[in-house]
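As structure tokens, the structure follows; a few thoughts come after it.
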Amino acid sequence: MMRKKSKLVVIAFSCFLLACSSTKHIPDNDKLYTEAKVTVKSDDLSSRQKKVILEDLESMPRPKPNGRVLGIPFKLNIYNLFYNAKPNSFFGKLRDKWGEPPVLLSQVDLPRNNKVLQSYLENKGFFKANVVDNTIVKGKKASAQYTATTGPQYTIASVAFPMDSSDLSRVIRECTDNTLLHHDDPFDLGVIRGERDRIDAYLKERGFYYFAPDFILVKVDSTIGNNKVNLFITVKPDAPDRAQQIYKINDLFIYSNYSLNTANLDISQTYRQFYKGYWVIDKDKRFRPTMFEQALQFIPGDVYNRTNHNQTLNRLINLNEFKFVKNRFEPVGGIDTPRLDAYYYLTPLPAKSLRVAIDFTSRSNNQTGSQITFSFLHRNAFHAGEQVSFNAYVGSEIQASGTFQGFNTYRSGAQLDFTFPKFVLPYKSIHTRGGYIPKTNIQLGFDLLNKQKLYTLNSYRLQYGFLWKENIQKSYEFYPIAISLVQPLNVTQQYRDSAARFPYLQHIVESQYILGSAFQYTYNQQANGLQPGNSFYFMGLADFSGNIAGLITGANVKKGNSRQLNGVPFAQYVKFELDGRYYHRLGIKSMWANRADIGIGLPYGNSVEMPFVKQFFEGGNSSNRGFRSRSVGPGTYRDPRLTPSFLPDETGDIKLELNTEIRPHISGPLY
């Protein structure tokens with residue numbers, strides 16, 4: 001009954017808002033400003049070009065009219081509804097928070113908007129463009145109308161770069177092959193600015209630390225006729241001398257225990273220590289100098305370049321040891337060759353942290369769950385950026401009523417991780433380039449799963465592997481050692497009876513070793529946060545288990561030669577998976593997503609099928625979302641002997657998934 005009343009109140013309030021007059025509180029000598037309509041006229045542009053220009057022009061006039069949802073100015077109506085409410089009253093606060101005052105015609109500056117539109121067109125090469133503005137009044141409402149006649153768009157006839165003998169001009173000429181300005185391209189001020197930024201970025205890679213895009217001047221000659229322009233790229237005469245010099249690195253100073261509160265004390269070099277070309281200042285000796293060997297991309301005598309500059313900062317951040325990372329470069333005086341001293345100021349994070357998390361879940365099938373997790377992290381266990389983390393959890397899922405009543409699930413486990421900011425190898429030291437520190441991970445884990453009335457499983461795992469990135473889009477994971485052991489502690493007769501009728505259920509509770517190694521490569525064009533028109537994602541996985549053990553023992557289960565380790569058979573297989581995705585932008589925000597996921601597992605030697613935890617499955621959030629996880633395939637047959645209370649997992653050794661979907665943008669983050 002209360003729900004019905006609430007719905008009636010909401011409906012009545014919405015109808016009342018719809019009935020409100022949006023012009024109720026407009027002054028007598030003014031009008032409600034409703035829209036800015038822009039029309040583009042051109043005989044030279046295609047319909048697509050017109051559409052792009054129209055979208056840009058429509059976004060420029062100011063102010064914006066009152067917002068509308070389905071053509072209704074709800075916020076304006078709320079403002080009018082509580083117009084007379086006092087400022088600090090309940091309805092006054094409601095008006096100020098959710099309402100919106102009317103946008104009036106008197107607030108619109110037509111000449112200024114005209115200049116903005118005109119300037120935009122000229123910046124796009126329409127030097128003969130003309131914009132006419134007008135006001136249309138209907139009762140108490142008014143709108144602005146802008147008619148833009150573009151005229152011809154000027155194109156580039158030639159581009160000239162500086163030809164003098166200075167180092168600066170010589171380096172600029174080196175990068176002309178990658179210029180953004182090409183013959184017959186439309187004149188576009190945005191592209192010209194992009195060309196200045198491109199030249200500046202190239203110079204930064206060649207030691208011109210103090211150069212800036214504003215030191216580049218692009219002269220335009222539009223008098224040559226035929227709607228053409230000649231561009232002349234030059235360096236401004238007033239560019240400072242230091243912006244035209246190539247700088248090298250002199251000394252590097254690292255303040256590894258820098259505090260913002262005691263900055264003046266922390267910049268002293270009294271406790272500095274020299275190590276492999278750089279100075280470390282750390283009074284408390286919190287970090288060993290060896291930690292920075294992999295992070296620093298500069299050495300004394302290197303020509304400054306922005307890539308090494310940014311990669312050094314990124315690597316220091318990637319250590320996950322410092323709350324703040326900042327640096328500066330200081331020119332060295334009294335020497336003939338231009339040189340820079342580099343200073344890095346690092347503010348450490350707390351060395352130790354403890355976190356407790358409690359999660360609760362509730363499902364539509366009357367199943368409720370909870371889990372408590374304890375996490376401990378030591379960020380600098382051995383004083384060189386090594387991190388030790390320990391996680392332990394206890395959780396349960398209980399159904400008080402319904403089909404699965406009494407089939408409760410209890411789980412617990414612990415995991416210990418050692419992470420080193422380098423490749424940890426027995427006899428070789430590997431140094432990598434790029435913006436990311438390689439990491440070595442050693443993991444020990446234990447899990448206990450108790451499904452009441454069915455079975456209890458113990459699982460142990462040991463992993464030793466490496467994680468590194470070539471860049472933000474390309475990442476690698478290589479685990480030469482990945483060992484796991486699954487052991488059943490208690491399998492009930494009820495489950496054994498079900499497994500007798502459906503033999504594949506027995507594989508869930510089989511004891512098995514996985515003596516594996518795995519390699520994974522990921523390429524993701526969307527990892528940098530940009531949304532290009534077309535983007536790709538690719539993941540390749542190779543997973544192996546039991547190959548060496550099988551070779552040594554001569555295991556061949558098909559011939560009756562099954563081999564075990566401590567009474568437990570080991571799995572022997574090779575597994576490959578390729579996951580490719582293609583994303584295509586539809587308009588500004590909508591997306592067309594396509595996916596092909598192909599996988600195959602080949603058991604041999606000591607195995608006739610893949611271990612259950614390594615088999616492929618379909619459905620769920622990361623697969624075909626229209627189906628429950630592990631509920632799709634093979635085929636559509638459902639054994640009539642299955643009861644509604646027993647839902648087996650559909651898994652297999654071969655996977656072929658093809659998926660395509662349109663993701664139209666609805667509103668905000670909703671697709």
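The values are calculated or read from the model by the stated rules, or taken from the named source; none is laboratory data. Note that the coordinates shown come from a computational prediction; the quantities given were computed from them, not determined experimentally. For neighbour counting, all protein chains shown are included, and Cβ atoms are generated from backbone atoms with ideal geometry for every residue, glycine included. These area figures cover heavy atoms from the full protein model, side chains too; ligands, DNA and RNA do not enter into them. Shrake-Rupley method; radii C 1.70, N 1.55, O 1.52, S 1.80 Å.
When all protein chains stay in place, what accessible area (Å², nearest 10, 1.4 Å probe) is found for VAL608?
Near enough 100 Å² of accessible area.
What size of dipole, in debye to the nearest 20, comes out for the stretch 449-548 about its Cα centre when the only charges are +1 on Lys and Arg C-beta atoms and -1 on Asp and Glu C-beta atoms?
Working: 7 positive and 5 negative charges, 60 e Å.
The dipole of the stretch 449-548 has a size of about 280 debye.
Could you do me a favour and compute the accessible area per residue for the stretch 257-333, 1.4 Å probe, result in Å²?
Numbers: 4190 Å² over 77 residues.
It amounts to 54 Å² per residue over the stretch 257-333.
If you rank TYR146, TYR275 by how much accessible surface each has, with a 1.4 Å probe, what is the order from largest down? Before the final figure, lay out the partial values.
Working: TYR146 0, TYR275 55 Å².
Ranked from most to least accessible, the order is TYR275, TYR146.
Whole Å is fine, so just give me how far the alpha carbon centre of the stretch 545-561 lies from that of the stretch 155-188.
Centre-to-centre (Cα) distance: 66 Å.
On full extension of the chain, what length is gained from SER459 through ALA212, given 0.36 nm per residue of separation minus the C-alpha to C-alpha distance?
Details: separation 247, 0.36 × 247 = 88.92 nm, distance 5.90 nm.
Answer, rounded to one decimal: 83.0 nm.
When the dipole is taken about the Cα centre of the chain, and only Lys, Arg (+1) and Asp, Glu (-1) are charged at their Cβ, what size is it in debye, to the nearest 20? Please report the intermediate quantities before stating the final value.
On the way: 82 positive and 59 negative charges, 461 e Å.
Computed about the Cα centre, the dipole is about 2220 debye.
Calculate how many DSSP beta bridges within the stretch 510-604 are antiparallel, expressed in % of all such bridges and rounded to the nearest 5.
Values: 38 of 40 bridges.
Of the beta bridges lying entirely in the stretch 510-604, close to 95 percent run antiparallel.
Roughly how much of PHE617 is accessible, in Å² to the nearest 10, using a 1.4 Å probe?
The value for PHE617 is about 70 Å².
Kindly state, to the nearest 0.05, the FRET efficiency for GLN525 paired with PHE274, given R0 = 25 Å and r defined as their beta-carbon distance.
Numbers: r = 43 Å, r/R0 = 1.71.
After rounding, the FRET efficiency stands at 0.05.
For the stretch 395-474 and the stretch 268-320, what is the centre-to-centre distance using only Cα atoms, to the nearest Å?
32 Å
Find which of ASN528, GLN512, LEU449 sits farthest along the positive direction of the dipole of the stretch 445-537, computed with +1 on the beta-carbon of Lys and Arg, -1 on that of Asp and Glu, about the Cα centre.
The Cα lying farthest towards the positive end belongs to LEU449.
Sort 37-50, 206-219 by packing, meaning the average of other beta carbons within 10 Å per residue, with the highest value first.
Working: 37-50: 13.5, 206-219: 18.3.
Descending mean neighbour count gives 206-219, 37-50.
Against the longest alpha carbon principal axis of the chain, how many degrees, from 0 to 90 and to the nearest 10, is the axis of helix 2-19 turned?
Tilt of helix 2-19: around 20 degrees.
As I understand it, the dipole of the chain uses +1 on the Cβ of Lys and Arg and -1 on the Cβ of Asp and Glu, about the Cα centre. Which of VAL574, TYR393, GLN118 lies farthest toward its positive end?
TYR393
Hey, can you find the accessible area per residue of the stretch 202-245 for me, probe 1.4 Å, expressed in square angstrom?
Here the residues of the stretch 202-245 average 53 Å² of exposed surface.
Order these peptides, 600-606, 565-571, by their mean beta-carbon neighbour count within 10 angstrom, highest first. Please report the intermediate quantities before stating the final value.
Details: 600-606: 19.4, 565-571: 15.7.
Ranking the peptides 600-606, 565-571 by packing returns 600-606, 565-571.
Give the ranking of TRP592, TRP468 by solvent-accessible surface, highest area first, calculated with a 1.4 Å probe. Each step should come with its number before you reach the end.
On the way: TRP592 95, TRP468 70 Å².
The most accessible residue leads, giving TRP592, TRP468.
Looking at this model, which pairs from LYS41/LYS64; LYS248/LYS469; LYS37/LYS124; LYS50/LYS138 are more than 25 angstrom apart at the alpha-carbon? Don't jump to the answer; show the numbers that get you there.
Working: LYS41/LYS64 23 Å; LYS248/LYS469 28 Å; LYS37/LYS124 21 Å; LYS50/LYS138 29 Å.
Table pairs above 25 Å Cα-Cα are LYS248/LYS469; LYS50/LYS138.
Enter the angle in degrees (range 0 to 90, nearest 10) between the Cα long axis of helix 110-123 and the first principal axis of the Cα atoms of the chain, meaning the one along which they spread out most.
Computed tilt is about 70 degrees.
Starting from the Cα-Cα distance between LYS51 and ILE548, subtract it from 0.36 nm times their residue separation and give me the gain in nm to one decimal. List each step's numbers first, then the result.
Values: separation 497, 0.36 × 497 = 178.92 nm, distance 6.35 nm.
Stretched fully, the LYS51-ILE548 segment lengthens by 172.6 nm.
How big is the antiparallel share of DSSP beta bridges in the chain, given as a percent to the nearest 5? Spell out each step's value before the answer.
On the way: 167 of 192 bridges.
Of those bridges, close to 85 percent are antiparallel.
Hey, any idea what % of the chain's accessible area is carbon plus sulfur with a 1.4 Å probe? Spell out each step's value before the answer.
Working: 21120 of 37840 Å².
Reported share for carbon and sulfur atoms: 56 percent.
Using a basic spin-label model with each label point 7 Å from the Cα along Cα→Cβ, how many nm lie between SER259 and ARG585?
Each label point lies 7 Å from its Cα, and together they span 4.8 nm.
Explain nothing, just compute: Karplus ³J(HN,Hα) = 6.51 cos²θ - 1.76 cosθ + 1.60, θ = phi - 60°, for every residue of the stretch 78-88 in order, whole Hz, x for Gly and Pro.
So the Karplus estimates, Gly and Pro as x, are 5, 4, 5, 4, 10, 4, 8, 5, 5, x, 9 Hz.
Remind me, relative contact order of the chain in percent, using alpha carbon pairs under 8 angstrom and six or more residues apart? Don't skip to the end; give the middle numbers.
On the way: 1379 pairs, mean separation 38.2, N = 671.
Computed over the chain, the figure is 6 percent.
Which distance in nm do the two modelled labels at SER158 and ARG62 give, with both placed 7 Å along the Cα-to-Cβ direction?
4.2 nm
Considering only protein heavy atoms, what is the solvent-accessible area of ARG585 at a probe of 1.4 Å, reported in Å² to the nearest 10?
Its heavy atoms expose roughly 60 Å² to the probe.
Which distance in nm do the two modelled labels at CYS175 and VAL394 give, with both placed 7 Å along the Cα-to-Cβ direction?
6.1 nm
Using only helices, what value at 222 nm comes out for the chain when you add -39,500 (n - 2.57) per DSSP H run of length 4 or more and divide by the total residues, to the nearest 500 deg cm²/dmol? Can you show the working numbers first?
Values: 11 runs with 118 residues, N = 671.
Helix contribution divided over all residues of the chain: -5500 deg cm²/dmol.
For every other residue with a beta carbon closer than 10 angstrom to the beta carbon of TYR583, add +1 if it is Lys or Arg and -1 if Asp or Glu, then tell me the sum.
Working: positive: ARG581, ARG585, ARG595, ARG663; negative: none.
Once positives and negatives cancel, what remains is +4.
Place a point 7 Å from the Cα of GLN493 along the Cα-to-Cβ direction; which residues of the stretch 426-466 have their backbone N under 18 Å from it?
Residues 452-456 fall inside that zone.
Any idea what the dipole of the stretch 576-617 comes to, in debye rounded to 20, about its Cα centre with Lys/Arg Cβ at +1 and Asp/Glu Cβ at -1?
In total the dipole reaches around 360 debye.
In whole Hz, what ³J(HN,Hα) sequence does the stretch 607-616 give by Karplus (6.51, -1.76, 1.60; θ = phi - 60°), x for Gly and Pro?
Using θ = phi - 60°, the values come out as 9, 10, 7, 5, x, 4, 6, 9, 6, 7 Hz.
If LYS352, LYS115 are ordered by their accessible area, calculated over protein heavy atoms with a 1.4 Å probe, which sequence runs from highest to lowest?
Values: LYS352 130, LYS115 150 Å².
Listed by decreasing accessible area, they come as LYS115, LYS352.
For mean projected area of the Cα convex hull in nm², which listed value, (i) 32.7; (ii) 42.8; (iii) 45.3, comes from the coordinates shown?
Answer label, from the structure shown: (iii).
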